[in-house]
Every structure is written in structure tokens, then in C-alpha cells.
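Peer 1: This is the structure I want to talk about, given as C-alpha cells.
The values are calculated or read from the model by the stated rules, or taken from the named source; none is laboratory data. Computed from a predicted structure; not experimentally measured. Cβ atoms come from the backbone with ideal geometry, glycine included; neighbour counts cover every protein chain shown. Only protein heavy atoms, including side chains, enter the accessible area calculation; ligands, DNA and RNA are left aside. Shrake-Rupley method; radii C 1.70, N 1.55, O 1.52, S 1.80 Å.
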Amino acid sequence: TEIILRPKHGPMPHRAGQFAFVEIQEKALNEPHPFTISSAPSDENLKFTMKVLGDWTRKVREDVRPGMDVIVRGPYGRFCPDDAGDKQVWLAGGIGITPFLSQVRDFDLNESREVYLVYGVREKDEALFLDELRAEIEKRPNMKLIILESNSGEFARVEVMKEKLGVRLIDFDFFLCGPSAMVKGVKKDLKAEGVAKSKIHTEAFEFR
């Protein structure tokens, strides 16, 4: 589910990769929940992309209508690749693509950083915004998209990334967002490969 919000009192300044608390002003929906901002900071509207993981997100999908008021509190978080080195790997698992979606939408066409976006899904049909990601990344010569399909045996693990990327992992900063088991496993393997702890960045959300 993608929620698009038009600010009533001017845009909310934020950086690509940050999150905010969303509070929809309707009965049974006015409990604040944190979500990554999936729009670029330069966009006029705020966009949040949500996966149904419980009663609240299901109600959002079924009950939200145009014209409803929403309170957004934020932004929060330091999951910002802009602060890292010139060589980066962004690893997304499932709905963990959202901070990277904001990054891609914000990525300058003349950006000098070398970035690999590794997107792990069960199968390609489940990859959110895949057409947009491909179109945007094709415009950016320093950025590459790699899809890993677990149903085809391509798991989001370090050994698979080494094979797919063909680069020295210790030269890169890693940004990881997705299911906690995936993030923990990749962090452990990256450290075993000699990647410095300071070059491994993770989003603190818990994904079921």
C-alpha cells in the first residue's frame, strides 16, 4: 500500500533514508506507526509504502480514503548513505526497499558514488517498484541493480553477493534493510570477510 500525503503547512524537510511516525486521524487508525519515507526530499508530497503485517496496516489498505487528515512526526533516523564512502552496497529484503527507493529517487544523475542496489525477494514478481527502479538506475552509470530470487536459490547472503558483484567487499560501505534474520546473518558474514564494523549500517526497524 502506498500512501501519498500533501502537506497542509509546507513540506517536511528530510533526508533520503529517514523515517517518520504516521498517525491517520480516523477511529482505529490514529495510533502512530513508524514508516520510512519513500519519496525523495525534493518531492512536493510525502510517500509511505507499507506492507500488511497486522491489523493496523490491513485497515490502512482497506479503509483509508482521499481527504483524510494525517499527522506526520519526524523525520528521524541516520540511515543515510550520503554520509558514507564513495563505494556502497545497498541490500534490501522485501519491503526493506523503501529507504533505498527514496535514495534512488534522490540520486543525482552526476553522482560520483559507485552503488550496487541488491534487492532480495522470493521471486521477481514480488519486487516493488521494479520498473521504476530499473528506469531510474539505467539513467545513472554509477549505479547497478541486482535482483536475488530466493525461490531460484539466490539468497541475500555474502557468498551470493561476492559472486554477483565481483568486487572486493572490504572496499565498500554496506547499508542493510529488511527482515532481522537477513540483516543479522549478513552482518555476521561481512565481519567474517573483514569488512569494518563502521562500514556496516543497518535500519533498526523489525520486520516480521
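Peer 1: Relative to the present Cα-Cα distance, how much length would full extension add between ALA28 and ILE146 at 0.36 nm per residue of separation?
Peer 2: Here the answer is 38.5 nm.
Peer 1: Between the range 8-41 and the range 99-162, how far is it from one alpha carbon centroid to the other, in angstrom?
Peer 2: Comparing the Cα centres of the range 8-41 and the range 99-162, I get a distance of 24 Å.
Peer 1: Go through the range 59-64 residue by residue and turn each phi into a ³J(HN,Hα) via Karplus (6.51, -1.76, 1.60, θ = phi - 60°); whole Hz please, and just put x for glycine and proline.
Peer 2: 5, 4, 4, 8, 10, 6
Peer 1: Just the accessible area per residue of the chain, please: how many Å² with a 1.4 Å probe?
Peer 2: It amounts to 53 Å² per residue over the chain.
Peer 1: Give me the percent of accessible area attributable to carbon and sulfur for the range 142-208, probe 1.4 angstrom.
Peer 2: Details: 1770 of 3700 Å².
Exposed carbon and sulfur together represent 48 percent of the surface.
Peer 1: For the range 149-160, in order, what is each residue's ³J(HN,Hα) by Karplus, 6.51 cos²θ - 1.76 cosθ + 1.60 with θ = phi - 60°, in whole Hz (x at glycine and Pro)?
Peer 2: Rounded to whole hertz, the list is 9, 5, 5, 9, x, 9, 8, 6, 10, 5, 4, 5.
Peer 1: Right, another one. Sort 154-161, 64-71, 36-43, 190-197 by packing, meaning the average of other beta carbons within 10 Å per residue, with the highest value first.
Peer 2: 36-43, 154-161, 190-197, 64-71
Peer 1: Share of the range 83-123's accessible area from carbon and sulfur, percent, 1.4 Å?
Peer 2: Ligands and nucleic acids excluded, carbon and sulfur give 38 percent.
Peer 1: Nearest 5 percent is fine: what portion of the DSSP beta bridges confined to the chain is antiparallel?
Peer 2: Numbers: 14 of 36 bridges.
The answer is about 40 percent antiparallel.
Peer 1: Additional query: Amide H of THR202: which non-local residues (sequence gap of 5 or more, or other chain) have their own amide H closer than 5 Å, using H built in the peptide plane?
Peer 2: Under 5 Å from the amide H of THR202: LEU176.
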